[in-house]
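Colleague: Just dropping this structure here.
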Amino acid sequence: MRKLILALSLPLGLAACAAEPDGAAQIPGDYALVAVEGVTVSGTPSLRIAEDGAVSGQGPCNLFTGRNNAALPALDLGALAVTRRACLQEGGEHAFFQALGAVREARREGEELVMTGPDVTIRWRIATP
C-alpha cells in the first residue's frame, strides 16, 4: 500500500515542481500604447503580436505590418511596411517608428508589455476589446 501511495504521489509532486509558464508565451496579443520613453506621441497607437511572429498595428497616424524575425522574447522587427497617409500633424510618427525599429526584447510586467532596446523603452498595456 505504501508503494502504491508513493507511486501515485510522485507525478503530483513533479507537477508541482514544474517551471513557471514561458514568459514568451504571454507576449502575443493586442496592446495600446502607454508611452515611448522621451517622445510625445499623439493618437492611439496600437500593436498586435501574433503567435506566428506577425506584427501589425497603428502608429500615431499610419498603419504598419511586418514580422518579428527572432524568437520571442527577442525582437527583430526589421523593415515594417507602413502606409503613407497624409497626416495632419506629425505627432511623433517618425520617432515612434524609429523607436519600434530599435527594440530588441519584450517582456510582460503585469498588464503591460515592455519593449526595450539600446536607449529606448516602449510601454504598452493590454488592449481591452
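Colleague: What is the number of the single condition among (1) of a type outside the set (G, A, S); (2) part of a strand (DSSP E or B); (3) over 17 Å from I122 (Cβ atoms); (4) in contact (Cβ under 8 Å) with a residue 24 or more places away in the chain that C87 does not meet?
Modeller: Here C87 meets the rest and fails (2).
Colleague: Is it the case that F96 is in a helix (DSSP H, G or I), surrounded by 15 or more Cβ atoms within 10 Å (Cβ to Cβ) and touching a strand residue (DSSP E or B) at 6+ places or on another chain (Cβ under 7 Å)?
Modeller: Yes.
Colleague: Against the condition closer than 22 Å to P129 by Cα, touching a residue at least 60 places away in the same chain (Cβ under 8 Å) and touching a strand residue (DSSP E or B) at 6+ places or on another chain (Cβ under 8 Å), how does V34 come out, does it pass?
Modeller: Yes.
Colleague: Ok, one more. Within the range 24-61, can you find the residues that are modelled with pLDDT of 95 or more and in contact with a Ser or Thr (Cβ under 6 Å, 6 or more places away or on another chain)?
Modeller: Scanning the range 24-61 gives A32, R48, S56, G57, Q58.
Colleague: Just give me the residues in the range 33-48 being surrounded by 16 or more Cβ atoms within 10 Å (Cβ to Cβ) and not polar (S, T, N, Q), in sequence order.
Modeller: Hits for the range 33-48 are L33, V36, V41, G43, P45, L47.
The values are calculated or read from the model by the stated rules, or taken from the named source; none is laboratory data. As the structure is a prediction and not an experimental result, all values here were calculated from the model. Glycine gets a Cβ as well: all are built from the backbone with ideal geometry, and neighbour counts include every protein chain shown.
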